[in-house]
Amino acid sequence: MTHDDWADILDGHPIFDSQKTHASIEEEPLELSTNSLKRSVSNDCPHFLSGRRQVMALKDADLIVAVGSELRITSLGDTRLGKSTRSYKVLHTPNVQFEIYQIAPNPSGKLLAIAGAYQVAVVVLPRAGYSKLVSTSIDCRSVQVGQFYHGSKSSAPIAKIEWHPWGEAGSTLMVMTSDGKLREYDMSVDTEEPRQMLSFLPEKKSKSFMAEDPADREIASFTLGKGKADWGPLTVYAVTRSGDVYAICPYMPQNASVPSSYIHALECFIAAKQEFLSQGSSAATTLSTLYDYQSKYVTALIRQLPPGTVFPAVSRPVPMHPPHTIKSASLRQGPFLLQPSPRVLDGSEGSDATDIAYLAFINDDDEENDGETERLGIVMITYQDGKVDVCLDVDKVEARWESKQETAQELPMLAVYESIDLGLISMLRGCSTVPSKDDVLELLQANHPVLLRDPIHEDRVYVYHAFGVHALEFGELLQCLATALRADDEEATSLRRTLERSTVTQVTAMLNTFSIQRKCSNPVIAVCIPNDIFLSYSIIILTSVFRVTCFSLTLRTDLSRPQELPDAYPDPSTVQPGEFLAAVEGPPAYVSLLGTEPFQPPSPLSHPSGLPSFPRMSVGAPNTKNEFILTPDTLRYFGSTVESFIAQIREVLLAYRTTEARADLQRSEVLRQQEKCAVMMKKVEELKCSRYGDAEMRVQKIMESHKALTARLDRTLQSLMQQASPELSESETKWFDELRRMKAEVLGAGRYDEASLAARISLLKREYDRNISNLKDMVEKELQRKKRLSDSAQHLGVSQAFELGEHSNAERTKISELEKEVVQLASQLELSVGRPPSQRDKPEAVSH
């Protein structure tokens with residue numbers, strides 16, 4: 001057994017033993033059949049009882065399972081490494097006295113929200129190291145949530161519970177009841193009263209009568225939107241049993257922790273909307289007030305940002321509260337128009353909606369085209385008959401508030417891309433004879449498909465229901481749509497061609513829990529996918545009889561736009577002259593056997609996701625052995641199954657042959673290229689050895705000929721110039737005369753010309769040398785005198801110092817006069833001399 005084989009590790013694990021719990025679980029039907037159908041769908045409460053089940057969850061490497069009203073926990077990491085035997089601990093929670101239908105750990109992994117049909121509670125999970133305790137039971141603190149609203153069978157049933165990802169410290173729990181009330185509880189503040197409440201259904205007037213379907217007044221599920229620079233994260237979507245979709249925006253937890261980058265991105269989004277509106281749009285009058293409200297809302301959020309979070313600072317979570325600048329409540333928007341209308345499955349008269357999920361294609365690595373892809377969202381809606389509507393969120397919801405002057409607004413719209421058929425109707429029809437066909441189809445009334453997003457690959461969604469599990473792959477769809485949105489096409493022809501090609505969602509049946517023999521099924525009540533570095537990537541499925549099934553999945557790279565490889569031949573327009581030799585006209589010298597197009601692997605081998613090609617069967621309890629009875633229905637099922645296996649084997653064989661033929665062709669191509677390379681190397685050796693000397697001699701001769709031609713060209717050019725202009729022109733004559741005049745002025749007319757600049761410079765130099773020696777002597781005497789004065793200054797009297805000052809001033813006056821005479825003489829001779837010694841220590845005056 002390998003450490004990553006979860007089927008062997010979890011098979012027979014005592015945590016899935018349902019016989020060790022209370023007798024209450026035995027009273028509930030563990031299988032779905034025509035006998036237990038009436039009990040499954042009937043209830044005495046005025047609201048619809050949700051069939052949503054999720055009794056298994058993963059907190060890091062710990063597996064938590066709810067069996068009846070009992071919570072169990074075990075460490076998968078220790079079990080996988082063989083550090084402990086197969087055992088579990090019971091979380092002792094005296095306040096939990098109801099059967100658990102849903103469990104959900106909070107983002108921090110410290111709290112566990114549990115919900116029954118009508119009650120909600122929160123359990124504080126034990127710390128790490130609980131598995132080392134000797135006792136089989138661990139006392140855990142638990143508290144009932146909103147007992148006034150969720151405390152009895154007369155209250156509205158629980159539709160769904162979910163922790164808000166932006167709740168501060170992960171303590172914000174959202175509880176949706178079937179009457180359309182979404183209540184927000186903050187576990188760190190108050191567990192009894194909700195901090196906020198959203199109503200997705202209008203209050204029914206007591207004195208009015210309106211004929212309407214009861215399914216229109218019951219909410220089946222809700223989900224949160226997604227986005228990076230729009231109102232998506234602040235939007236809540238809800239779906240009724242009739243399939244109507246509503247949205248409320250904006251919604252923020254009372255104590256939220258919001259990334260600072262999102263606030264700045266939302267500010268830019270609103271500013272762009274207002275700028276576009278200011279350009280003179282036709283809807284300027286109706287949207288100006290709305291955008292002003294949105295701007296006030298965002299401005300109030302920005303004021304809550306602490307210093308140091310100004311864009312482009314590194315994003316970090318910032319504690320925030322919903323702004324109160326706008327007193328009106330958020331407007332309920334909807335119902336959404338589904339265009340075009342979703343198709344109805346063959347053999348189905350329509351069924352109730354069960355779940356809704358929002359899928360976004362957000363790639364953080366692709367920053368260049370972030371603006372086009374981040375707004376691409378998909379809304380999925382599941383129905384009881386196995387239909388999944390895939391809708392594109394082309395016009396995202398924006399923040400709106402209730403107003404008395406609110407005019408009639410256009411209903412929001414979702415573009416229906418496709419309606420997926422999970423094949424439940426055809427499976428139930430094909431496994432039964434004609435007289436009992438309708439009875440088996442009635443099992444769909446108790447079917448409640450649930451959507452579960454893959455925590456690692458965001459483009460994969462799992463749908464688990466009463467008859468098994470299906471996997472939906474949206475990778476190719478999102479990739480094609482993102483590529484079409486990136487295209488710079490004003491007429492949207494790229495997007496139109498993409499939609500016409502109709503890239504469909506890949507649907508894979510993973511598990512089948514329907515028994516052909518007994519005409520019953522064991523509904524799937526939980527699906528978990530490990531998202532821990534110490535646990536391998538796999539999926540764990542649990543049925544109503546606590547039979548566990550595991551699949552090892554394959555990790556793949558994230559979907560992104562493939563980088564374009566450089567062409568084998570450069571573009572002629574980008575090649576510099578002389579960089580490459582020009583290609584010889586005609587057929588190419590070498591033609592590859594592989595062709596120019598890359599090899600595309602066959603479809604059976606091109607999706608190594610780890611998903612089974614044929615659904616695995618999981619029927620009956622793990623420890624029971626029933627006698628097998630051969631019936632015409634089982635024979636028919638075996639025949640169809642064997643036929644499917646034979647078809648898949650044939651496809652795999654054909655794919656193998658195609659791949660093997662390609663491998664043989666590549667081997668032949670490698671041999672041809674080796675032979676061609678040997679010929680090229682031989683020719684290169686010939687060029688380097690035998691022909692190298694000849695080529696060098698030819699190059700030397702060419703260089704000598706080039707020198708001779710250059711000398712001849714100079715002589716020819718000189719003769720042509722003499723022939724073209726044998727005499728000097730007027731400009732040249734004037735230029736030479738000016739040069740002669742300048743030469744006579746500098747050097748003089750003769751050797752003894754005293755007016756020349758050279759003679760005057762020589763005279764000035766002699767005078768300077770004659771005076772500079774006297775000046776230096778005077779400077780030295782002055783320095784000595786100052787030194788003597790400084791030494792004897794303390795012995796001199798006032799009269800002596802005064803007399804010395806007069807002599808010094810007289811000498812200074814003489815020196816100044818002498819300096820002036822030297823400067824005047826230099827100016828008369830038009831020469832530049834240095835600064836006088838008395839002014840060398842003074843700063844130079846800057847002339848302006």
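Does any residue of the range 270-285 turn out to be in a helix (DSSP H, G or I), closer than 20 Å to Val397 by Cα, of a type in the set (S, T, N, Q) and at pLDDT below 90? Yes, the range 270-285 contains a residue that is in a helix (DSSP H, G or I), closer than 20 Å to Val397 by Cα, of a type in the set (S, T, N, Q) and at pLDDT below 90. Considering the range 225-254, the residues that are of a type in the set (Ser, Thr, Tyr) and over 24 Å from the mean Cα position of the chain (by Cα) include one that is nearest to Glu184 (Cα to Cα), namely Tyr246.
Out of curiosity, is Leu290 open to solvent by less than 30 Å² (accessible area, probe 1.4 Å) and in contact with a helix residue (DSSP H, G or I) (Cβ under 6 Å, 6 or more places away or on another chain)? Steps first, please.
Working: open to solvent by less than 30 Å² (accessible area, probe 1.4 Å): yes; in contact with a helix residue (DSSP H, G or I) (Cβ under 6 Å, 6 or more places away or on another chain): no.
Here the answer is no, as Leu290 does not meet what is asked.
Taken together, Gln700, Gln673 contain a single residue that is surrounded by 11 or more Cβ atoms within 10 Å (Cβ to Cβ) and either of a type outside the set (Ser, Thr, Tyr) or in a helix (DSSP H, G or I) (or both), which is Gln673.
Of the residues Ser278, Ser257, the single one that is more than 26 Å from the chain's Cα centre (by Cα), farther than 30 Å from Asp216 by Cβ and among the hydroxyl-bearing types (Ser, Thr, Tyr) is Ser278. Of all residues in the range 519-543, those satisfying the criterion of being outside any loop (DSSP other than H, G, I, E, B) and under 26 Å from the mean Cα position of the chain (by Cα) are Val527, Cys528, Ser538, Ile539.
Could we say that Asp421 is open to solvent by less than 10 Å² (accessible area, probe 1.4 Å), out of contact with any helix residue (DSSP H, G or I) (no Cβ under 7 Å at 6 or more places or on another chain) and at pLDDT 90 or above here? Let's see the steps before the verdict.
Working: open to solvent by less than 10 Å² (accessible area, probe 1.4 Å): no; out of contact with any helix residue (DSSP H, G or I) (no Cβ under 7 Å at 6 or more places or on another chain): yes; at pLDDT 90 or above: yes.
Here the answer is no, as Asp421 does not meet what is asked.
The residue that is nearest to Gln479 (Cα to Cα), among those in the range 368-392 that are modelled with pLDDT of 90 or more and not in a strand (DSSP E or B), is Gly386. Being buried (at least 16 other Cβ atoms within 10 Å of the Cβ) and assigned to a loop (DSSP other than H, G, I, E, B) is a description that applies to Ile326.
Any residue at all in the range 633-654 that is outside any helix (DSSP H, G or I), modelled with pLDDT under 80 and open to solvent by 50 Å² or more (accessible area, probe 1.4 Å)?
Looking only at the range 633-654, we keep the residues that are outside any helix (DSSP H, G or I), and these are none.
No, the range 633-654 contains no residue that is outside any helix (DSSP H, G or I), modelled with pLDDT under 80 and open to solvent by 50 Å² or more (accessible area, probe 1.4 Å).
Of everything in the range 209-225 that is open to solvent by 60 Å² or more (accessible area, probe 1.4 Å) and in a loop (DSSP other than H, G, I, E, B), the residue that is modelled with the highest pLDDT is Asp213.
Scanning the range 461-483 for residues that are part of a strand (DSSP E or B) and either of a type in the set (Lys, Arg) or closer than 25 Å to Lys519 by Cα (or both) yields a total of 8.
For beta carbons closer than 8 Å, sequence separation of 6+ or different chains, a first residue in the range 617-643 that is under 25 Å from Phe551 (Cβ atoms) and of a type in the set (Gly, Ala, Ser) and a second that is modelled with pLDDT under 75 and part of a loop (DSSP other than H, G, I, E, B), the qualifying pairs are Gly620/Asn626; Ala621/Leu30.
Could you list all residues from the range 664-688 that are acidic (Asp, Glu) and at pLDDT 90 or above?
Kept after step one, since they are acidic (Asp, Glu), are these residues of the range 664-688: 664, 669, 675, 685-686.
Asp664, Glu669, Glu675 - these are the residues of the range 664-688 that are acidic (Asp, Glu) and at pLDDT 90 or above.
Would you check which residues across the range 154-174 are over 26 Å from the mean Cα position of the chain (by Cα), assigned to a loop (DSSP other than H, G, I, E, B) and in contact (Cβ under 8 Å) with a residue 40 or more places away in the chain and list them? Within the range 154-174, Ser154, Ala156, Pro157 meet the criteria.
What is the one condition in (1) within 18 Å of Pro233 (Cβ to Cβ); (2) among the small types (Gly, Ala, Ser); (3) at pLDDT below 90 that Ser330 does not satisfy? Among (1) within 18 Å of Pro233 (Cβ to Cβ); (2) among the small types (Gly, Ala, Ser); (3) at pLDDT below 90, Ser330 violates only (3).
Looking across the range 86-116, the residues that are assigned to a loop (DSSP other than H, G, I, E, B), among the small types (Gly, Ala, Ser) and on the phi < 0 side of the Ramachandran plot come down to Ser87, Ser108, Gly116.
Within the range 226-242, count every residue that is open to solvent by less than 10 Å² (accessible area, probe 1.4 Å), touching a Pro at 6+ places or on another chain (Cβ under 9 Å) and in a loop (DSSP other than H, G, I, E, B). Outline the logic, then answer.
Residues of the range 226-242 open to solvent by less than 10 Å² (accessible area, probe 1.4 Å): 230-232, 234-240.
Cutting the leftovers down to touching a Pro at 6+ places or on another chain (Cβ under 9 Å) gives us 231, 234-235, 240.
In the following step, the residues that additionally are in a loop (DSSP other than H, G, I, E, B) were identified as 231, 235.
Residues in the range 226-242 being open to solvent by less than 10 Å² (accessible area, probe 1.4 Å), touching a Pro at 6+ places or on another chain (Cβ under 9 Å) and in a loop (DSSP other than H, G, I, E, B): 2 in total.
In summary, Glu267 fulfils each of the numbered conditions (1) within 24 Å of His164 (Cα to Cα); (2) open to solvent by 10 Å² or more (accessible area, probe 1.4 Å); (3) assigned to a loop (DSSP other than H, G, I, E, B) with the single exception of condition (3). Pairing each residue of the range 732-751 that is more than 17 Å from Ser762 (Cα to Cα) with any residue that is open to solvent by 100 Å² or more (accessible area, probe 1.4 Å), provided the two are 6+ apart or on different chains, yields C-beta distances under 9 Å for Phe736/Leu728. Filter the range 393-402 down to the residues that are modelled with pLDDT under 90 and either closer than 21 Å to Ala471 by Cβ or β-branched (Val, Ile, Thr) (or both) and list them by number. Across the range 393-402, the qualifying residue is only Val394.
Looking at Arg39, Arg80, Arg53, which is the one that is among the basic types (Lys, Arg), open to solvent by 30 Å² or more (accessible area, probe 1.4 Å) and modelled with pLDDT of 75 or more? Going through Arg39, Arg80, Arg53 in turn, the sole match is Arg53.
Within the option set Tyr297, Tyr246, being in contact with a strand residue (DSSP E or B) (Cβ under 6 Å, 6 or more places away or on another chain) and either over 29 Å from Val416 (Cα atoms) or crowded, with 16+ Cβ neighbours inside 10 Å (or both) holds for one residue only, Tyr246.
Residues in the range 176-195 that are among the aliphatic types (A, V, I, L, M) and open to solvent by less than 10 Å² (accessible area, probe 1.4 Å): how many? It would help to see each step written out before you state the result.
Of the residues in the range 176-195, the ones among the aliphatic types (A, V, I, L, M) are 176, 182, 187, 189.
From what is left, the residues that are open to solvent by less than 10 Å² (accessible area, probe 1.4 Å) are 176, 182.
Here the count works out to 2.
Within the range 730-746, one or more residues are hydrophobic (A, V, I, L, M, F, W, C), open to solvent by 100 Å² or more (accessible area, probe 1.4 Å) and part of a helix (DSSP H, G or I). In this entry, Leu173 is excluded by the filter for residues that are among the hydrophobic types (A, V, I, L, M, F, W, C), farther than 23 Å from Phe222 by Cβ and open to solvent by less than 40 Å² (accessible area, probe 1.4 Å).
The values are calculated or read from the model by the stated rules, or taken from the named source; none is laboratory data. Here the structure is a predicted model, which means the values were calculated and not measured. Every residue, glycine among them, receives a Cβ derived from its backbone with ideal geometry; neighbour counts consider all protein chains shown. Accessible surface is based on the protein model in full, side chains and every heavy atom, while ligands, DNA and RNA are left aside. Shrake-Rupley method; radii C 1.70, N 1.55, O 1.52, S 1.80 Å.
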